[in-house]
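*Asks:* Next up is a structure, given as structure tokens.
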Amino acid sequence: MPTTTGPDRRTVLCGIAAVLAAPGALAACSSSPGEFQPGATTTPAPGGGATGTPLADIPVGGGRIVTRGEQSILLVQPSPGQVTAFDASCPHQGTTVDPPQNGVITCPNHFSQFDAATGAVRKGPADTGLPQVPVRVVDGTVQVI
């Protein structure tokens, strides 16, 4: 009797994520580590030397989440050429926040809100703001210091 095999766990979960359109959920559905996913907001780690995130990849008035080791960092560009960075983990329960929209960074878990320019908490349940991460712009590239 022939044996049939169904889809693996990853395929099922990615299918569910696609149906539910969970923000960021499809980024985990890559068939290989580091493979680009259209619309994904996470990029490889910036951090010193000649490597980093191109300033042009950070929308003015918006932001982009990058990783450095195990840490997620939210790079924001409130005005052209001005870059600020925050730890992207919500201080309430550690969920990665979304890039800013209309000057507000929102946690998708319990909807805490933070000021995109300062990281200060605007609305709880988080009771503290997002910690700043030092960055610099060198030759059009944002580097985490």
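The values are calculated or read from the model by the stated rules, or taken from the named source; none is laboratory data. In this text, all values refer to a predicted model and were calculated from it rather than measured experimentally. Here Cβ is always computed from backbone atoms with ideal geometry, including for glycine, and neighbour counts include all displayed protein chains.
One line per residue, one yes/no per condition, for (1) of a type in the set (Gly, Ala, Ser); (2) farther than 14 Å from residue 141 by Cβ:
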{"position": "55", "(1), (2)": "no, no"}
{"position": "58", "(1), (2)": "no, no"}
{"position": "64", "(1), (2)": "no, no"}
{"position": "88", "(1), (2)": "yes, yes"}
{"position": "95", "(1), (2)": "no, yes"}
{"position": "98", "(1), (2)": "no, yes"}
{"position": "103", "(1), (2)": "yes, yes"}
{"position": "111", "(1), (2)": "no, yes"}
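*Asks:* If residue 97 satisfies all but one of (1) in contact with a helix residue (DSSP H, G or I) (Cβ under 9 Å, 6 or more places away or on another chain); (2) surrounded by 20 or more Cβ atoms within 10 Å (Cβ to Cβ); (3) not acidic (Asp, Glu), what's the number of the condition it fails?
*Replies:* Failed condition: (1).
*Asks:* Shifting gears a bit: From 119, 140, 94, grab the single residue that is at positive phi and touching a Gly at 6+ places or on another chain (Cβ under 6 Å).
*Replies:* 119
Here is a yes/no grid of residues against (1) modelled with pLDDT of 95 or more; (2) closer than 14 Å to residue 77 by Cα; (3) buried (at least 18 other Cβ atoms within 10 Å of the Cβ):
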site: 105; (1), (2), (3): yes, yes, yes
site: 124; (1), (2), (3): no, no, no
site: 131; (1), (2), (3): yes, no, no
site: 135; (1), (2), (3): no, yes, yes
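*Asks:* Next question. Among the strands (runs of 3 or more DSSP E) contained in the stretch 70-130, which hold 2 or more residues that are of a type in the set (Gly, Ala, Ser)?
*Replies:* Per the criteria, 71-79.
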